[in-house]
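Let me begin by presenting the structure, written as structure tokens, before commenting on it.
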Amino acid sequence: MAQIIGYIGTSHVPAIGGAIAKQLQQDPYWKPFFDGYPPVRQWLDRAKPDVVVIFYNDHGLNFFLDKMPTFAVGAAEQYRNADEGWGLPNFGTYRGYPELSWHIIEQLLEDEFDPVTCQEMLVDHAFSIPMKLLWPQGHSELRTVPIAINTVQHPLPSARRCYKLGQSVGRAIASWPEPVKVLVMGTGGLSHQLDGERAGFINRAFDQLCLEQLEQQPEALTRYDTTELVRIAGTQGVELLNWIAARGALEGHVRRVHCSYHIPISNTASAVLLLENQPAARN
Ligand code: DHB
Ligand code: FE
């Protein structure tokens, strides 16, 4: 049976891609941010996941404001990266796992979710930057399942709904018969606001609370409605929904392996959180 071995929440700020392309990892502005990742990569070297299921939001590349699914699941053989306008290098192509994608989709329907199913799907910086941060040397064997959540155009799905989506995905993975090791990932956040009167808004206290609650009390984060989340975390801080959804997939004993938080990267409070998952024993 498949096993969820861990969880990674990470920021996906586009400027990170530019810094990687220019090899600015040791630059004083960037160093505190990039220093958060070697412990995570060391864990990945040991844990060796076969599959990564990525909860992220599309920023107008694959879906635009005219057609915006609340939830969309990739079910393609591969996913091509493209740039929706940041001037980022192309980070290539990611191997899909359509059999697992369809298994997840079937479970979602059974649990009364109605995702858009995508047999072709471009992935933007919210997918490619986390992949580059975690597997800078490449990932040819790793299979991926992208799950896009609308955090862009209101009305957004509630935190509770996103958590339940993750729980449903977790059930699907737990019943997948192949003996693969699965990592779940949520990208974006933490607090940030890119435009309007509060551009540059960051809420350190809320971010710290989220990082704590994601570990042991994730359901506490589902009490916020989306308007409240915008107020507390910023208009783009609602990308926290991706982190909450991914956390819903874990059941069993969760242990924090690594966490770093750094303000700011571009307009954003950046963070990376790694949780190890000891699946609950099943009969
Ligand atoms: C920034 C952050 C994001 O999450 C994003 O999608 C785009 C830009 C930023 O801080 O620049
Ligand atoms: Fe974003």
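The values are calculated or read from the model by the stated rules, or taken from the named source; none is laboratory data. The structure displayed is predicted, hence computed values, not measured ones. Please note: Cβ atoms are built from the backbone with ideal geometry, for glycine as well, and neighbour counts cover all protein chains shown. Quick note on the areas: whole protein, heavy atoms, side chains included, nothing else; ligands and nucleic acids left out. Shrake-Rupley method; radii C 1.70, N 1.55, O 1.52, S 1.80 Å.
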Revision key, fill the gap. Note on region 108-153: residues closer than 18 Å to Glu84 by Cα, outside any helix (DSSP H, G or I) and not hydrophobic (A, V, I, L, M, F, W, C) are Glu120, Asp124, Pro146, Asn150, Thr151, Gln153
Check your understanding: Out of curiosity, is Gly17 within 16 Å of ligand 2 (Cβ to nearest atom) and surrounded by fewer than 19 Cβ atoms within 10 Å (Cβ to Cβ)?
Key -> no
Review point. Would you say Leu156 is in a loop (DSSP other than H, G, I, E, B), in contact (Cβ under 8 Å) with a residue 12 or more places away in the chain and closer than 28 Å to Val230 by Cα?
Key: yes
Practice item. Would you mind telling me which numbered condition in (1) open to solvent by 60 Å² or more (accessible area, probe 1.4 Å); (2) at pLDDT 95 or above; (3) more than 16 Å from ligand 2 (Cβ to nearest atom) Ser140 fails? Key: (2)
Point to revise | Conditions (1) of a type in the set (A, V, I, L, M, F, W, C); (2) open to solvent by 70 Å² or more (accessible area, probe 1.4 Å); (3) touching a helix residue (DSSP H, G or I) at 6+ places or on another chain (Cβ under 9 Å); number of the one not met by Ala126 | key: (2)
Exercise for review: Answer yes if at least one residue in region 137-150 is more than 18 Å from Gly9 (Cβ to Cβ) and within 16 Å of ligand 1 (Cβ to nearest atom), and no otherwise.
Suggested key: yes
Practice item. Under 7 Å between Cβ atoms, at least 6 apart or on separate chains: pull out the pairs that start in region 109-127 with a residue that is modelled with pLDDT of 95 or more and within 16 Å of ligand 2 (Cβ to nearest atom) and end on any residue that is open to solvent by 10 Å² or more (accessible area, probe 1.4 Å) and in a strand (DSSP E or B). Key: Leu122/Arg80
Review point. In region 1-14, how many are open to solvent by 10 Å² or more (accessible area, probe 1.4 Å) and away from ligand 1 (no atom under 16 Å from the Cβ)?
Key: 4
Check your understanding: Quick check, is Trp86 under 28 Å from His154 (Cβ atoms) and open to solvent by 40 Å² or more (accessible area, probe 1.4 Å)?
Key -> yes
Check your understanding: Just wondering, is there one or more residues in region 34-44 that are of a type in the set (A, V, I, L, M) and modelled with pLDDT under 95?
Key -> no
Practice item. Name every residue in region 20-79 that is open to solvent by 20 Å² or more (accessible area, probe 1.4 Å) and touching a Cys at 6+ places or on another chain (Cβ under 8 Å), in order of residue number. Key: Asn62
**Study point:** Only one of Leu240, Leu275 that is away from ligand 2 (no atom under 16 Å from the Cβ) and buried (at least 22 other Cβ atoms within 10 Å of the Cβ)
**Key:** Leu275
